[in-house]
Structure formats: C-alpha cells, structure tokens
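Undergrad: I have a structure here, written as structure tokens, and I will follow up with some questions on it.
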Amino acid sequence: MSTVTDTDAQTVTDDQTETIRLVNGLSCDLPASSPLAKLLRSQRTWVGPDAKERLRILRAAKSVAIVGASPNAARSSYFVGTYLQQSSDYRLYFVNPNADEILGEKAYPDLASLPEVPDIVVVFRRGSDIPSVVDQVVAAGAKTIWVQLGIWNEEAAYDAEAEGLTVVMDRCIKVEHARFHGGLHLLGFDTGQITSRRTLR
C-alpha cells in the first residue's frame, strides 16, 4: 500500500510498484505500468552542475579515465579520447577490458587497475549500465562521474550524489572543454585556429 503525494490524492496497491521522484524532491510509489508512472518517468527532474561549476570541475582535474573507451575510430569515445589526448593536459586513461591499447596508450580492464585515482571518470556506457559504473567509481575513490552526451539515468545520478559523487550527465566533455577554452567550432570541432579572442585558462 502506498500513498501518492503532490498529485491527485489516491492510494494504490500493486505487487510491482516503482518509486517516482517528483520535481519538488519528494517521491511516491506507483504501479510501474500505470500511465502516471510512465509520464513522470519521462520527465527529467535531476539537474546537474551549471556552466560555472562544470568549468570548475574541468579546471581542477588533472587526470581523466574513459570507461567504455573504444579502439574503433568510428566510435564517439575514440573521437573524444583523441581530442582530450591532443587538446588537454589531462593524464588520460582508457578503460576497456577487451582492448590492450587505445590511441597508442595502454588500455586497462577496470578502474581498480589504474595507476592512480582519476579526478574525472567519463562514461560511455548504456544508461542501464550506469548504476554499476557508479559503484565502480565509488570503490575506486574517484570524486566525479561524467556521463556522456545522450546517456541518461536519473536514478543513478541521484544515487551517485548520495554516495558523495559530483555528477555531470548527458553532456560531452569534449564539447564542454572546447567551449570553455575557445576552440569550439559551430559543428563542435576544435578548429585549431589562432585568434586574438580572449579564452579561459
């Protein structure tokens, strides 16, 4: 038996209920198959760091691990890894248990195998995989998990914050780094163009 709050007052009973988080921070249990649960599930309530905070995260970091990095040049993780390797000063680690080397660097099977605790863990995994990655990030002792553009798991974001992690989600670290450092072209590529425009350092 569970009471729905901040919606029409009603009580529902169901063997398969789901806890839904509301915009005001409260939560309620609803039958997982109900239209209201589906509607609320589709609406995002989690809000991550704003632009100034994302800049602070990027400025403070010295090392970045990419979980789900791929040696396939057609994959977005490869493109992002190439950019960070060439356009940032981060110590970069690639995590993929099925690869020995990525972009000329050793690939590691998991976060626990890295030679240091990374400041930022960038994640290229399915949304359903994010909870297990959060557990790995916490176990490794990293403080920030950055879930790549197009990947969303709101419950995992709330859970990660409850574990003390800083969470950035559904944002591309390459795009964010480039835009803060004056190298973001209209199409999202670092043009390498030299200009007199003042950039952030």
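Undergrad: Please list the non-local residues whose amide H lies under 5 Å from the amide H of Met169, H modeled 1.01 Å from N, same-chain partners needing a gap of 5 or more.
TA: Long-range HN contacts for Met169: Val147.
Undergrad: List the pair-distance distribution P(r) of the range 28-111, using every Cα-Cα distance, as the percent of pairs falling in each 10 Å bin from 0 up to the bin containing the longest distance, rounded to whole percents.
TA: Going out from 0 Å in 10 Å bins, the range 28-111 shows 15, 31, 21, 22, 11, 0 percent.
Undergrad: How much length, in nm to one decimal, is gained on full extension between Leu36 and Ala162, taken as 0.36 nm per residue of separation minus their Cα-Cα distance?
TA: Numbers: separation 126, 0.36 × 126 = 45.36 nm, distance 2.60 nm.
Contour length minus the Cα-Cα distance gives 42.8 nm.
Undergrad: Could you tell me the calculated FRET efficiency between Thr82 and Arg59, based on Cβ-Cβ distance and R0 = 25 angstrom, to the nearest 0.05?
TA: Numbers: r = 21 Å, r/R0 = 0.86.
About 0.70, to the nearest 0.05.
Undergrad: With a cut-off of 18 Å, note down the residues of the range 127-145 whose backbone N falls inside the zone around a label point 7 Å from the Cα of Thr19 toward its beta carbon.
TA: Label zone hits: 130-132, 134-135.
Undergrad: Of Lys106/Lys143; Lys38/Lys174; Lys52/Lys106; Lys52/Lys174, which sit over 21 Å apart, Cα to Cα?
TA: On the way: Lys106/Lys143 23 Å; Lys38/Lys174 33 Å; Lys52/Lys106 33 Å; Lys52/Lys174 16 Å.
As for pairs spanning more than 21 Å Cα to Cα, those are Lys106/Lys143; Lys38/Lys174; Lys52/Lys106.
Undergrad: Run the simple label-point estimate for Val47 and Ala112 please: 7 Å along Cα→C-beta, distance reported in nm.
TA: Result: 3.8 nm between the two label points.
Undergrad: Tell me, in nm to one decimal, what length is gained between His181 and Glu155 on full extension, where the rule is 0.36 nm per residue of separation less the Cα-Cα distance?
TA: Numbers: separation 26, 0.36 × 26 = 9.36 nm, distance 3.17 nm.
Net length gain for the segment: 6.2 nm.
Rule-based calculations on the coordinates, nothing more; no lab input. This is a predicted model, so every value here is computed, not measured. Because the Cβ atoms are built from the backbone with ideal geometry, glycine has one as well, and the counts that use them run over all protein chains shown.
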